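K.L.:
Could you have a look at this structure, given as structure tokens, before my questions?
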Amino acid sequence: MVCTSVAMFLYCIFTYGSVLEIRYFNERLQNIGKDGEGTILEELMKLINDHAKLSEAIRKLDSMCEVCHVKTHKIID
């Protein structure tokens, strides 16, 4: 039971961290072109790469608690 509680706690922490990262990403997306650090194209390329990394992290987090389904196969002779 303790192991399940620890796993759920870690999952919640990781999920909340993901939410914070997505919020930060959205802020950066809203402020594109306002910083004047580089061209809009450079900022977009960086955001696209960051989006890919965030998407991969969220997919891995989702698969961390995925329940395995066992399919039964009926063999017909």
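The values are calculated or read from the model by the stated rules, or taken from the named source; none is laboratory data. The shown structure was predicted, so the numbers you read here are calculated from the model rather than taken from an experiment. Counting neighbours? That spans all protein chains shown, and the Cβs are built from the backbone with ideal geometry, glycine included.
K.L.:
Name the single residue, out of those in region 44-74 being at pLDDT 90 or above and of a type in the set (Asp, Glu), that is farthest from Phe9 (Cα to Cα).
P.N.:
Filtering first and then ranking leaves Asp50.
K.L.:
Please find, within region 16-52, the residue that is nearest to Cys65 (Cα to Cα) out of those that are free of Cβ contacts under 8 Å to residues at least 12 places away in the same chain and hydroxyl-bearing (Ser, Thr, Tyr).
P.N.:
Tyr16
K.L.:
If you don't mind, another one. Within region 6-23, which residues are surrounded by 12 or more Cβ atoms within 10 Å (Cβ to Cβ) and under 13 Å from the mean Cα position of the chain (by Cα)?
P.N.:
Tyr11, Phe14, Thr15, Gly17, Ser18, Glu21, Ile22
K.L.:
Answer with yes or no whether Ile13 is free of Cβ contacts under 8 Å to residues at least 40 places away in the same chain, more than 21 Å from Glu66 (Cβ to Cβ) and of a type in the set (Val, Ile, Thr).
P.N.:
Spelling it out, it is not the case that Ile13 is free of Cβ contacts under 8 Å to residues at least 40 places away in the same chain, more than 21 Å from Glu66 (Cβ to Cβ) and of a type in the set (Val, Ile, Thr).
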